[in-house]
Every structure is written in structure tokens, then in C-alpha cells.
1. Cβ contacts < 6 Å: first residue in the same structural domain as B:Gly192 (by TED's automatic domain parsing), restricted to the stretch B:208-231; second residue open to solvent by 10 Å² or more (accessible area, probe 1.4 Å) and among the acidic types (Asp, Glu), any location; separation 6+ or different chain. Result?
2. Count, please, the residues in the stretch B:198-222 that happen to be touching a helix residue (DSSP H, G or I) at 6+ places or on another chain (Cβ under 7 Å), in a helix (DSSP H, G or I), facing another protein chain (nearest Cβ under 9 Å) and not hydroxyl-bearing (Ser, Thr, Tyr).
3. Answer yes or no: is there a residue in the stretch B:323-331 that is open to solvent by less than 50 Å² (accessible area, probe 1.4 Å), touching a strand residue (DSSP E or B) at 6+ places or on another chain (Cβ under 7 Å) and not in a helix (DSSP H, G or I).
4. With respect to A:Ile247, is the statement that it is assigned to a helix (DSSP H, G or I), of a type in the set (Val, Ile, Thr), open to solvent by less than 60 Å² (accessible area, probe 1.4 Å) and away from chain B (no Cβ under 12 Å) true?
5. Give the residues of the stretch A:1-21 that are part of a helix (DSSP H, G or I), facing chain B (nearest Cβ under 9 Å) and either among the aromatic types (Phe, Trp, Tyr) or over 27 Å from A:Leu212 (Cβ atoms) (or both), sorted by residue number.
6. Which of the residues spanning the stretch A:159-190 are polar (S, T, N, Q) and surrounded by 19 or more Cβ atoms within 10 Å (Cβ to Cβ)?
7. For A:Pro272, indicate whether it is within 12 Å of another protein chain (Cβ to nearest Cβ), surrounded by fewer than 22 Cβ atoms within 10 Å (Cβ to Cβ) and part of a loop (DSSP other than H, G, I, E, B).
8. Given the conditions (1) more than 13 Å from every other protein chain (Cβ to nearest Cβ); (2) in contact with a Phe, Trp or Tyr (Cβ under 7 Å, 6 or more places away or on another chain), report the number of the one that B:Gly226 does not fulfil.
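The values are calculated or read from the model by the stated rules, or taken from the named source; none is laboratory data. In this text, all values refer to a predicted model and were calculated from it rather than measured experimentally. For neighbour counting, all protein chains shown are included, and Cβ atoms are generated from backbone atoms with ideal geometry for every residue, glycine included. Just the protein is used for accessible areas: all its heavy atoms, side chains included, with ligands, DNA and RNA removed. Shrake-Rupley method; radii C 1.70, N 1.55, O 1.52, S 1.80 Å.
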Amino acid sequence: MPDQFFQTLFFGLSQGASYALIALGYTMVYGVLGMINFAHGEIFMLGAYAGILALAGAATFGVVVASPFLAIGGAILAAVVVCAAYGATLERVAYRPLRRAHPLASLISAIGVSIFFQNYVQIAQGTDNKVFLHAVRSAFDGIAWPISFLSPIEGIILLAACLVMAALHFFVTRTRWGTALRAVSQDPVMASLAGIPVDRAIAGTFVLGSSLAAVAGVLVALGHDAHPYMGYLAGLKAFTAAVLGGIGSIPGAMLGGMLLGVVEVLGSTYLPIPEYKDALAFVILVGILLVRPAGLMGQKAVVKV
Amino acid sequence: MKRATLITVATLAAGVAFAAEPIRIGVCGPLTGDQGKQGQDMLHGVELAAAEWNARGGVLRRPVEVISGDDQHDPRQARSVAVKMVNSGVAGVIGHFNSSCTIPASDVYTENDIVMITPASTNPQVTDRGYANVFRVCGRDDQQGRVAARYATDVLKVKMVAVLHDNTTYGKGLADEFKKGLGAGVTVAYYGGIVQGDLDYKAILANVKAKSPDLWFFGGIYPEAGRLAKQAREIGLSAVLMSGDGTIDPEFLKIAGPAAEGTICTFGPDPKRLPSAKAFLATYVKQYGEAGPYSIYAYDAVNILLEGINAAKTTSGTKVAEAIRNREHHGAFGSITFDEKGDVRVSPYVCWKAEKGVFVPCDAAVSAR
């Protein structure tokens, strides 16, 4: 029985890790621009497609991938490049011209972009579900694996997500670029006076957030499959996770994502009516927001004069 | 001279009437989204039939025009698509696909006296509400669930099962009928729903695995069925998966990959074994590629509708429904007659099994009684 509990816990953690990766994109963009990038779920979906297509393309052109780890790494790399380009374009085309407009304008723009991406992928790739090369997945079937409560794929997803998040934490707290990002999020006018290229920092935030979503997309595609509408529900859950952790806070998004994943999975295991797991997750969200309106790790909003 | 002009004008008017007043037929179902493949299959079946009628001179000397409506398997969307169909003046509708959409949409069609024939909705409630204008060319879930349960108890001899469903009218309905059909000799060790559209079901599957059933049943559609099968294998749940006519699609095999092997589904008989379906399949393959599971049902449904209009000599829903009910139809699936509810009188559900990447009919036959 404890084995099943641990198994469930790790399902929750690996699911939460993908929520966390997506939630980071929401929270970082909110941090610098104060807007919710509702097209972010679609960037995640594009990442899943990019990863699947990169591997399928490599297989078509006869590139033999020697190790499944190399294949997954290659897929992640391809997806990151593609999504970073999409993220930068998205910011340049859909948000930058509206930066000084009413905040609702960029929100509507975001929803428009999200609908555009869903239909674009549907037309370009069809409505059917796309799956990761089965060869990559089945390479893990016969592998000697010491942990009974965690499947190899689950382990890879969790490990990769944690590594990426650790790298992000290092980048934001220890590098000059990270310092610039934090400065822009605190006060863009002051940051520009101090000589920080604000436009580039904002574009960089989109590139970074989109890259994280791309990693999540490939990892989810590896464990499951991809379809043009997958970004909607995942985006909604990740946004919830970002709010739960305190929107604008990077560690908050990580914590919120993990927490949401674990609550959902424990809910679907131990609730008498498992399909109410989403209701449970949202009840917890409402409860936390009642006690801490800014989220678990969010800072109280200071009115800037 | 005057007479000649009159005749010319009359002929011209008739010619204009032929061009301007087509008989419109609606096709409604999930044309886009994750179930888009099923909707497109339906649409292709209907378009093929409409083209054949037009080549023969149309219906009541009017051309047949196909109008499609996308309900995205959302019941609310289905209702507004139904209103759109009514406003475009359709003489009849082929659809919808999901029972949860067909039922609310049928209210709209009934209020507006429009005939609706669904090629795929199997929930008993579709025809049990006494609507005279509602028909279906597929079977019912109470029959289907019984056949599945019989197969599980008599052929597979299972003693303990787990039952999952996707919380839709169709999925939960089918799962409940299956459960009902099992009888006292079989224990249902787990019963629960999943959320449609979720990507990860491993936690629920781990619960199923903990009960170590001989078989697990899923009431739902192929995207979720495919994910469930794949993840079940991943966590080491090796019991046989059984499902219904929503799962039997090549897409299921693609999503589940090697994990699909051995899955059993209830569905109608194999059209490839029917001599009456030969011509349809040959033309379909040429135009659209391999026929989907529901292409042939949609093709038969629209032919029944157009023959009904032809026989009734009007597009009035009540008269067309009467004509459909009183006739014997010879479609690609063979002879079809309807009972007073609008169900087909004979619906021979059989079991299919996924073997080496394709669904093949099982040889062992069980009766629905």
C-alpha cells in the first residue's frame, strides 16, 4: 500500500512538473508586463508538435538515433528553438504595439493569437492526435530500472523538469541578464534609466518562458500525445498554478504547479468520485486565496506612486 | 408567338428554380477538434451519397446541397448548430455524432419538424423520448453493453472487472449497460469516471491495477481510450481492455501504439464482408482514402433520408418521417427497417479485436438477448 501511495505521489509530481514549467511562463510575463499571456498554452502545444515532428522528420530522413536519451534531448532542443522563435514573434507582433494601450487590448490580442495558433496547427497538421515515435518509448520497456514506484519515462520527465527549473533559478538570480529581468519587473522606467534595454529584456522574458513551455510540451508529448487543443486545458491549469503560487513569483509558480499536480492526482486516487479531482483543486485554490490573496509566495501588491 | 414566349419564360423559370432551390441536407458532428476524424468521416459519406443523387438528377428534380455544422462534441455548441441548420432551411439532418449532442439538438429539430437520422449516437435516450422525426441507423447501448458483457462472461470467462467511463451521456450510459449485463457471477471491483481531455490517467489506472481485475471496460471515445491503453501498459496493468463503438477507430491504434494489442470493442459487422457494401467502399477509397468506421453509416443514413423525401414527394418533416418508417431500405449495410421508436429492427453487434495493428472481427459470436 505505501508503494501505491508513493507511485501516486510521483505521478502527481511529474504532472505537477509540467504544470510548473508552463506556469513559469505566465508568471514571468506577468512579472515584467503585468499582463496574462493567454496564448502561452498554445506555445506549449507548439512545443509538443515541434518535438514530435523533429523526431518523425529525423526518422524519415534516415537519421538513426542511437540512444533514446539523445532522441529526447534532440526533440527538446528542436522544440526550444521553434518555440523561442514563436515567443519572440508573438511579443513583437501581438503585444509590443499594444504595450501602451489599455490592458484589455493586449488581453484580447492574446486570445486572438491563441485561437489563431489552434487553427493554424489544425490546418497544418490535421485534427488527429500525434504521438511520439513509439520506438523511443519502447526503448525503455526492457530497461533495468531499480525504482518500483516510478516508471523510467516518469523519472525522465521529473528529472528533466527539475534540471530546467534549477537552471532557470540560477539564471535569474546569478547572471547579469537575470538581474536585468528582475530590475525590469520591479520598475521598467527606472531600469531603462539605469541603462537596461527594456524592450530586449521583455523579449527575452518571452523567449525564456516559451522555451520552458517547449520543454513541458515535449515531456508531455513523450508521456502522452499531442493534439491542437491540448494547450487550452494545460494553459488553464498552469495559470491556476501560477495564481496559487502567487503570480509574478518564480518559486511560487514552481511550488504552485507541483502542488496542483499532486492534489489532482491524489484527488483522483482517493476521492470516492474521482472525476471531481478538478473541483478539489479549485476548492483548494479558493481556500488559499481567501487566506493569502496574493498566493502562497506572492508579494502584497504595493501601489506605486 | 405570344405562346412561345410564355413557354420560354416558363422553361427559364423552371431552369432557374432547379438551380436556385436545392434540397439542403445538414451534416452535424465534431468536424474539428480531437474527435474531428469521426465528423469528417461522416461528412465524406454524406457528400459521396449527395454527389451520386445529383448525378442521377437530384431529388424531386432538385439538386442536393450538403451543409455542414461543427458541434465540437460540445452539447451547447450542438444546440446552436441545430438552430443554424433550421435557419438555413435544411430538409433533414444527418447527425449528430455524440449522444450528448444528439439529444439536445433533436429537441430543436423536433420543434421545427425536421427529420434527423444519427449514424452514430447509441444512447437509448436518443430514441426513447417518443420523437417521431428521430431515427438512427446504428444500434443502441443497451444492446451493445449486453453483447460486451456476454462476451466477457461467456467467452473470456472473467470473474472480476473494473469499469471506467468518460462522464458523457454515451460513455457513462454504455459503461452502466455493460455493468448491468454482467450478472451476479462477476464482481465489479472498481467503478469510476475520468475527465475528457485530460492527458494523464495513470493515478486512476493505478487504482484499477491495485484491484487486479481480469478485464477493464471503458465507455468513451478513442482519444481517451488510446491514452488509457497506453498508460495502462506503462504502469503494468496487463488485464484485457474492452470498449465500445466509440473506440473502434484507427486513431485509437495510433495513439495507444503497441499497447492497443488485444483490445476488444463492440461494433457493427465488418462492411468488407458484406457484398452490398462493395460498391460504396470502392468509390469511397478512390475519393477520400480508407473509409472510417462511421462513413458507411452516414452514407446509408443520407440515402434513407433522400429516399424518404423522394417517396413523400415533399420536404415536410412529418411526411418524410412517415415515409422512412413505412419503407424497407436497401443500403450499403443491407436491408434496414425501423421500429416505431426509430431504431433499426436488427442491429447485430459483434466483437472486434485489435490484432497486429488492425481491428478484426472476433469469431466467437454472442447474442444480445
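1. Short answer, once both residue conditions are applied: B:Tyr222/B:Glu251; B:Pro223/B:Asp34.
2. Looking only at that region, the number is 6.
3. Just the residues of the stretch B:323-331 that are open to solvent by less than 50 Å² (accessible area, probe 1.4 Å), to begin with: B:323-324, B:329, B:331.
Still in the running and touching a strand residue (DSSP E or B) at 6+ places or on another chain (Cβ under 7 Å): B:324, B:329.
From what is left, the residues that are not in a helix (DSSP H, G or I) are B:329.
For the stretch B:323-331, residues open to solvent by less than 50 Å² (accessible area, probe 1.4 Å), touching a strand residue (DSSP E or B) at 6+ places or on another chain (Cβ under 7 Å) and not in a helix (DSSP H, G or I): present.
4. Numbers: assigned to a helix (DSSP H, G or I): no; of a type in the set (Val, Ile, Thr): yes; open to solvent by less than 60 Å² (accessible area, probe 1.4 Å): yes; away from chain B (no Cβ under 12 Å): yes.
Here the answer is no, as A:Ile247 does not meet what is asked.
5. A:Gln4, A:Phe11
6. Initially, the stretch A:159-190 is screened for residues polar (S, T, N, Q), giving A:173, A:175, A:179, A:185-186.
Selection gives A:Ser185 alone.
7. yes
8. If we test B:Gly226 against (1) more than 13 Å from every other protein chain (Cβ to nearest Cβ); (2) in contact with a Phe, Trp or Tyr (Cβ under 7 Å, 6 or more places away or on another chain), just (1) comes out false.
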